Amino acid sequence: MAILVYAESHDGQYKKAAFEAVSYAKSIADKVGDTVTAVAINAAESSDLLYKYGANKVLKVSSDALKSFSPNAYAKVLAELKDGDTIVLPSTNDAATIAPLLALKTNATLVTNLISAPTNVSPFTADRKAFSGKGIETIEVTDGAKVLTVLQNAFGLKENAVSGTEEAANVSVSDADAKVKVIKVEQNSSDKIDLKEAEIVVSAGRGMKGPENWGMIEEMANILGAATACSKPVADIHWRPHEEHVGQTGKAISPKLYIAVGISGAIQHLAGVNSSKTIVVINSDAEAPFFKSADYGIVGDAFEIVPKLNAELKKF
Ligand code: FAD
């Protein structure tokens, strides 16, 4: 029996979230003496990258019917390749749409946004982020079959190299399984760090006064190797692109470090960033609600503080 993992890739390259999911599966496998089988759909990169995190076997799936992403077709493939009672997926946007369908197809219990290795495997007991990242829930799955998603940047990458094997998997999937077809893709700026995968995010809000002032935010992001994000109104008034909008109605992220500049910390904003490991808030209003959720806070004018911080950060 093996723990199956969906090793997500984009344009043939594995996502960091795929390695996190393999690391998580390995933490379960070690407890029960199972192996880890990673399913790589249309991935071009070497399977060595997956062995490094503990995949004993990589099943390579390539089919014209899977060239464009379809939650239903991908769920069908994973259900077909299942060889045990546990399937692990990342919590990316795509995988989050596969997971419920997969749970339905395999008659399994779905547990999302896991953040820690299980403390027990039978019954499966682990911690997950709940209530839009505001709380941590300890869950127990009493039934055997389960589909698990792992929150990005939470469990993290755990190198655990094994000598794995690779096989081409035959699956019965056709265009008719797609149900939804992607007709056109408009690529966003591709040289930027992926906001969902970023370990550090520098984010700013209406306190920046206008789009012309974002230079210092981008400078900080460049120095730190971070992605940039923004609050909803900033995207709504086109100061920043919508792909950067985080929160309840935007992207939910969980970086190791989230730096919020000139953002009030409304509950809808917090819903998307509460899972960040460390939150730093820079705001001129000492009463700004964001300070309640901050690990570190600086009360002051962003236009004075950010350039000073950038100058100091450059020294490292
Ligand atoms: P403001 O609330 O205007 O705050 C600006 C902050 O900047 C203030 O705290 C101010 O003290 C500070 N500031 C001003 N000048 C300076 C300075 N010189 N230096 C430092 N600080 C300064 N919002 C989201 O972000 N994401 C969402 O997904 C989202 N979804 C929503 C969904 C619904 C259904 C609704 C009703 C609202 C949603 N909102 C969302 C909007 C949310 O309620 C807030 O209005 C929004 O987050 C406020 O954005 P802001 O903090 O950038 O602006």
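The values are calculated or read from the model by the stated rules, or taken from the named source; none is laboratory data. What you are looking at is a predicted structure, and each value in this text was computed from that prediction instead of being measured. Reconstructed Cβ throughout: ideal geometry from the backbone, glycine too, with neighbour counts over all protein chains shown.
Enumerate the pairs (first residue in region 75-91 and more than 12 Å from residue 105 (Cα to Cα); second residue anywhere and of a type in the set (Phe, Trp, Tyr)) with beta-carbon separation below 6 Å, excluding pairs fewer than 6 apart on the same chain, so at least 6 apart or on different chains.
88/24; 89/6
Six or more apart or on different chains, Cβ under 6 Å: which pairs go from a residue in region 161-178 that's at pLDDT 90 or above to one that's surrounded by 11 or more Cβ atoms within 10 Å (Cβ to Cβ) and assigned to a loop (DSSP other than H, G, I, E, B)? Could you list them?
That search, which allows pairs on different chains as well, returns 161/52; 162/54; 162/56; 164/55; 164/56; 166/47; 173/63.
Among the residues that make up region 277-290, is at least one of them outside any strand (DSSP E or B) and modelled with pLDDT under 95?
Yes, some residue in region 277-290 is outside any strand (DSSP E or B) and modelled with pLDDT under 95.
Tell me which of these residue 12 doesn't satisfy, since it passes every other one: (1) in contact with a Lys or Arg (Cβ under 6 Å, 6 or more places away or on another chain); (2) under 29 Å from residue 179 (Cβ atoms).
It fails just one condition, (1).
Would you confirm whether any residue within region 235-242 is within 10 Å of the ligand (Cβ to nearest atom), in contact (Cβ under 8 Å) with a residue 24 or more places away in the chain and surrounded by fewer than 19 Cβ atoms within 10 Å (Cβ to Cβ)?
Among the residues of region 235-242, not one is within 10 Å of the ligand (Cβ to nearest atom), in contact (Cβ under 8 Å) with a residue 24 or more places away in the chain and surrounded by fewer than 19 Cβ atoms within 10 Å (Cβ to Cβ), which makes the answer no.
How many residues are closer than 15 Å to residue 163 by Cα and either surrounded by fewer than 22 Cβ atoms within 10 Å (Cβ to Cβ) or among the small types (Gly, Ala, Ser) (or both) if we restrict to region 35-75?
Adding up the residues that qualify gives 11.
Got a number for residues in region 157-202 being of a type in the set (A, V, I, L, M) and farther than 30 Å from residue 240 by Cβ?
Looking only at that region, the number is 8.
Report yes if some residue within region 259-274 is more than 9 Å from the ligand (Cβ to nearest atom) and under 19 Å from residue 214 (Cα atoms); otherwise report no.
yes
Looking only at region 291-312, filter to residues that are within 23 Å of residue 256 (Cβ to Cβ) and outside any helix (DSSP H, G or I); which one of those is nearest to the ligand (Cβ to nearest atom)?
So the residue we want is 298.
Is there a residue in region 210-231 that is near the ligand (Cβ under 7 Å from one of its atoms), among the aliphatic types (A, V, I, L, M), in contact (Cβ under 8 Å) with a residue 40 or more places away in the chain and under 30 Å from residue 114 (Cα atoms)?
Within region 210-231, none of the residues are near the ligand (Cβ under 7 Å from one of its atoms), among the aliphatic types (A, V, I, L, M), in contact (Cβ under 8 Å) with a residue 40 or more places away in the chain and under 30 Å from residue 114 (Cα atoms).
Please determine whether any residue of region 213-235 is in a helix (DSSP H, G or I), farther than 30 Å from residue 187 by Cα and basic (Lys, Arg).
Checking region 213-235: not a single residue is in a helix (DSSP H, G or I), farther than 30 Å from residue 187 by Cα and basic (Lys, Arg).
What do you reckon, is residue 40 touching a helix residue (DSSP H, G or I) at 6+ places or on another chain (Cβ under 9 Å) and not in a strand (DSSP E or B)?
No: the conditions fail for residue 40.
For residue 285, all conditions in the list (1) within 8 Å of the ligand (Cβ to nearest atom); (2) crowded, with 18+ Cβ neighbours inside 10 Å hold save one; what is the number of the exception?
In the conditions (1) within 8 Å of the ligand (Cβ to nearest atom); (2) crowded, with 18+ Cβ neighbours inside 10 Å, residue 285 misses (2) alone.
Which one of these does residue 168 not meet: (1) in contact with a Ser or Thr (Cβ under 8 Å, 6 or more places away or on another chain); (2) among the hydrophobic types (A, V, I, L, M, F, W, C); (3) surrounded by 11 or more Cβ atoms within 10 Å (Cβ to Cβ)?
Result: residue 168 fails condition (3) only.
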